[in-house]
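A.B. asks: The structure under discussion is supplied below as structure tokens; questions concerning it will follow.
Bear in mind these aren't lab numbers, they're just calculated from the coordinates by the rules spelled out. None of the values given here were measured: they were computed from a predicted structure. FYI the Cβ positions are ideal-geometry reconstructions off the backbone, even for glycines, and counts take in every protein chain you see.
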Amino acid sequence: MDVREEIRDHNKDFPGEIHPTPGGGIIVSKFNDIVNWARSNSLWPLTFATSCCGIEMMSVASSKYDFSRFGFEVARATPRQADVIIIAGTIVNKMAPVLKRLYDQMADPKYVIAMGACAISGGPFFYNTYSVVKGADHVIPVDVYIPGCPPRPEALLHALIALQEKIKSGWTREQIKGEKPA
Amino acid sequence: MTNEEFKQYITGLLPSAVFDETGEWLNVAIDAQSWKPLAQSLRHSQFDFDYLFCLTCIDWKTHLTMVYHLSSTTYRHTIVIKAQLDRTNPEIETVSDIWRTAEFHEREVYELFGVKFLHHPDLRRLILTDDFEGYPLRKDFQDPVNMIKL
């Protein structure tokens, strides 16, 4: 089984064991697991769209796809109330300090999704110019990358669920890169 | 109003103007010095060119060309004026006092191509940072940090 399947299998349900007793029950679990479980199911994204990927992000927020179903309840217009920033669009050199500042203003724990070719690598069209940052990960660390130009709404949903699995696994960004459990 | 009328009017003002009708609109090639008086007269002529809807520049490597697209909101006719500039010292008179929109567009051409607009009220950079070096839309612009050579 590969790592992602293992994580998925491990995180299907509430973390821990439930022992039913007459008139109630006892839960045996690890506090960290419960915290991660709670966090992963309440990730509020920051409204941050710099180009056409933003339209797809709005589509995912609307009733047809509806990321609220997975706990991405409401998009927040301020970084201080947001948990995850979806970088939906091109980051230019003049935007980079703004992105960094928004990221710094978000409260920990915070997560980053790079949506689309521009956020991953500078884009399929405008990468060879004086003005474009070649990938948002030059500015802030990225948790999940979504390829596409722009990605399908399903791809964004998939990435959001992948982020939840990442949080539930309890590993840090660095540990996942090295694939070492905590 | 027809292209023939435009041609007749412009030839009357400026005998050296060269016309080209191969495209959608009438193209008029002029030299940079005659642009300001021509613009002035076109704006106040019976053709009523009250709308400058596109102002841009082209780098031909040997010279620069300023391109002005003029239109009339009353008659809905369009004309294109092209003025050739010297690449080493590109200078042309501003038309921001005739069409207010030119103020911003000339600032943009100024920062991207390095064209100097004489008597412009506020010739600063529009978008680029103050410490940016070079004119990024010129063909010989080099930026080894951000750009690979194709």
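A.B. asks: If the stretch B:66-136 were replaced by its equivalent ellipsoid, with semi-axes equal to the square roots of 5 times the Cα gyration tensor eigenvalues, what would those be, largest first, whole Å?
C.D. replies: 24, 14, 11
A.B. asks: Over the alpha-carbon set of chain B, work out the extent along each principal axis and list the three values in angstrom, largest first.
C.D. replies: That works out to 52, 31, 25 Å along the principal axes.
A.B. asks: Let me ask you something else. Check each of the trypsin sites (Lys or Arg not before Pro) in the stretch A:71-160 and keep only those in coil by DSSP with at most 14 other C-beta atoms within 10 angstrom; list them in order.
C.D. replies: A:LYS94
A.B. asks: List, in the order given, every pair from B:LYS7/B:LYS116; A:LYS134/B:LYS116; A:LYS134/B:LYS149; B:LYS116/B:LYS139; A:LYS110/A:LYS168; A:LYS134/B:LYS61 whose Cα-Cα distance in the structure shown is over 23 Å.
C.D. replies: As for pairs spanning more than 23 Å Cα to Cα, those are B:LYS7/B:LYS116; A:LYS134/B:LYS116; A:LYS134/B:LYS61.
A.B. asks: Another question, if that's okay. Using the basic label-point model (7 angstrom from Cα toward the beta carbon), what is the B:ARG87 to B:LYS149 distance in nanometres?
C.D. replies: 1.7
A.B. asks: Please build a GNM for chain A, connecting alpha carbons under 10 Å apart, and tell me which residue among A:ASP108, A:ASP33, A:ASP83 fluctuates the most.
C.D. replies: A:ASP108
A.B. asks: Would you kindly calculate the translational diffusion coefficient of the stretch A:44-171, applying Stokes-Einstein with the Kirkwood radius from alpha carbon pairs, for 20 °C and a viscosity of 1.002 mPa s, and quote it in µm² s⁻¹ without decimals?
C.D. replies: The calculation lands on 149 µm²/s.
A.B. asks: Take the Cβ-Cβ distance between A:ARG80 and A:ALA38 as r, set R0 to 22 Å, and report the resulting FRET efficiency rounded to the nearest 0.05.
C.D. replies: Result of the calculation: an efficiency of 0.65.
A.B. asks: Taking 2.2 N^0.38 Å as the expected size of a compact globular protein, what ratio does the Cα radius of gyration of the protein assembly as shown give against it, to two decimals?
C.D. replies: In units of the globular-protein estimate, the protein assembly as shown measures up at 1.45.
A.B. asks: To continue, here is another question. Which of B:ASP86, B:ASP20, B:ASP50 ends up with the largest GNM mean-square fluctuation for chain B, with Cα atoms connected below 10 Å?
C.D. replies: Top of the fluctuation ranking is B:ASP20.
A.B. asks: Also, I was wondering about something else. Could you please tell me the mean projected area of the C-alpha convex hull for the stretch B:1-48, averaged over all directions and given in square nanometres to one decimal?
C.D. replies: Convex hull of Cα atoms, orientation-averaged projection: 3.3 nm².
A.B. asks: Calculate I(q)/I(0) for the stretch B:3-91 by the Debye formula, one identical point scatterer on each C-alpha and no solvent, and give its log10 at q = 0.17 Å⁻¹ to two decimals.
C.D. replies: Ignoring solvent entirely, the Cα scatterers give -0.69.
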